[in-house]
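The values are calculated or read from the model by the stated rules, or taken from the named source; none is laboratory data. Worth saying up front: this structure is predicted, and the values here are computed from it rather than measured. Cβ placement follows ideal geometry from the backbone for every residue including glycine, while neighbour counts extend to all protein chains displayed.
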Amino acid sequence: MRFKRSYGWVLIVVLAIVLIIRLLQGNKAGNATLEDRNPAHLSFTRHARCRMECREISEADVRYILQHGTINNRKSDPDDRPCPSVAVEGYSPEDKHHLRIVVGTCDKETRVITCIDLDQDFTCNCP
């Protein structure tokens, strides 16, 4: 009888630990959103422009990924400062490059922070 009771407590403790871990992970995962997937004005950081030029990514590619891509919650940070950052991934329409576009959203402004080609490594000399 004693053995069964201790098993019950071990099970409760293990379940509590699993629940706590899930709650802690859940604070970041699944919270990233991009409210306007087709912003009228899209600004680009100097770093993003440099990466786009080096990796041959056009503004049209960026807009396409923002509109049709999938948010990668693991690479997004809704608590990022000064603005939450959202990573959107997808394939460019013409050359089918697998891209990740990271944008920051502050005060209704969407700013492209960086652009990454997930299939090919490039050596870029960007600030």
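Assorted remarks:
- Of the strands (runs of 3 or more DSSP E) lying entirely inside the range 48-127, those containing at least 1 residues that are without any contact (Cβ under 8 Å) to a residue 40 or more places away in the chain and of a type in the set (Ser, Thr, Tyr) are 85-91.
- Among the numbered conditions (1) buried (at least 18 other Cβ atoms within 10 Å of the Cβ); (2) closer than 16 Å to residue 33 by Cβ; (3) basic (Lys, Arg), the only one that residue 51 does not meet is (2).
- Residue in the range 44-54 that is among the basic types (Lys, Arg) and either over 15 Å from residue 124 (Cβ atoms) or touching a Phe, Trp or Tyr at 6+ places or on another chain (Cβ under 7 Å) (or both) present: no
- The set of residues in the range 14-50 being of a type in the set (Val, Ile, Thr) and at pLDDT below 75 consists of 14, 18, 20, 21, 33.
- Check on residue 88, under 11 Å from the mean Cα position of the chain (by Cα), surrounded by 10 or more Cβ atoms within 10 Å (Cβ to Cβ) and modelled with pLDDT of 95 or more: yes
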